[in-house]
Amino acid sequence: MRYSHLVFDIDGTLIDTNGPYLLAMQRLLLERFGQEKSLDDLLCILGVPERLTLKRFGFSDVEEAYAAVSRYFDEYSGGIRVFDGLEDTLAGLKALGYPMGLVTSKTRSAFDGEFSRLSIAAYFDASVCFDDTLLHKPDPAPMLCYLSRTGADPSRTLYVGDSPYDMEMCRAAGVDCALATWGVQRREEVPCTWRVEHPAQLLTLLCPEK
């Protein structure tokens with residue numbers, strides 16, 4: 001097998017949180033700065049840690065703005081779902097014996113509150129969250145932290161994510177990356193090792209040779 005360890009992003013890869021997040025940020029910018037941003041205008045923030053995004057938008061009190069975005073996100077969170085076919089794919093990969101983990105820009109508290117309650121959380125053995133590193137995607141630090149914690153061989157590890165920042169992090173860490181195009185808006189612009197159109201294609205890619 002080419003790969004022996006799989007690592008996943010969460011937002012936009014395992015669960016569809018992009019819509020609620022973009023709506024929350026759109027609302028905050030309108031209320032605080034009077035800025036009218038379309039959802040397309042905000043696509044560039046996907047995959048970037050929220051606090052870094054808020055800082056770049058010019059919020060002086062990043063923690064207060066983060067709390068506001070979180071409240072708005074909760075209001076829109078009824079639209080969050082696990083992507084179609086994802087749970088069956090994870091079950092298949094687990095049956096093949098692949099260890100699986102997570103590297104996410106979520107804070108540990110958001111991870112515990114939003115993701116750990118989902119049924120798919122049981123498929124993952126290790127996780128690296130925003131709080132675990134000083135530097136964040138697209139810096140390689142989160143992936144390097146994961147590799148150090150788990151002992152996974154970078155040359156035999158595959159990361160699955162949906163954003164350019166995911167792919168940049170992997171390239172810098174020496175890890176192959178698969179672009180989950182079901183969560184991508186501008187897929188043709190994102191360099192990656194593999195492009196995967198549907199979760200089930202991961203089974204085809206990773207199934208050991210007979």
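Summary table below
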{"read-out": "Amide H partners (placed H, <5 Å) of HIS5, local residues excluded", "value": "LEU158"}
{"read-out": "Radius ratio Rg over Rh of segment 131-184, counting only Cα atoms, Kirkwood formula for Rh", "value": "0.96"}
{"read-out": "Rounded to whole Å, sorted largest first: equivalent-ellipsoid semi-axes of segment 53-126, Cα gyration tensor", "value": "31, 14, 10"}
{"read-out": "Over the chain - Rg/Rh using Cα atoms and the Kirkwood inverse-distance radius", "value": "0.96"}
{"read-out": "Accessible area of HIS198 in the full protein assembly, 1.4 Å probe (Å², nearest 10)", "value": "80"}
{"read-out": "Accessible surface, the chain, averaged per residue in Å² (probe 1.4 Å)", "value": "47"}
{"read-out": "The chain, relative contact order [Cα under 8 Å, separation at least 6], %", "value": "27"}
{"read-out": "Accessible-area order (highest first, 1.4 angstrom probe) of the listed residues ARG108, ARG56", "value": "ARG56, ARG108"}
{"read-out": "Carbon plus sulfur fraction of accessible area for segment 62-210, probe 1.4 Å, in percent", "value": "51"}
{"read-out": "Proximal aspartates and glutamates relative to LYS94, as straight alpha-carbon distance under 14 Å, when same-chain residues fewer than 8 apart are discounted", "value": "ASP125"}
{"read-out": "More than 20 angstrom apart: percent of Cα pairs within segment 89-180", "value": "33"}
{"read-out": "Whole-angstrom Cα spans of segment 18-76 along principal axes, big to small", "value": "25, 23, 21"}
{"read-out": "With all protein chains modelled, accessible area of ASP125 [1.4 Å, Å²]", "value": "110"}
{"read-out": "For THR133, solvent-accessible area (1.4 Å; no DNA, RNA or ligand), Å²", "value": "20"}
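The values are calculated or read from the model by the stated rules, or taken from the named source; none is laboratory data. Owing to the predicted nature of the structure, the values given are computational and were not obtained by experimental measurement. Keep in mind that these areas ignore ligands, DNA and RNA; they rest on the heavy atoms of the full protein, side chains included. Shrake-Rupley method; radii C 1.70, N 1.55, O 1.52, S 1.80 Å.
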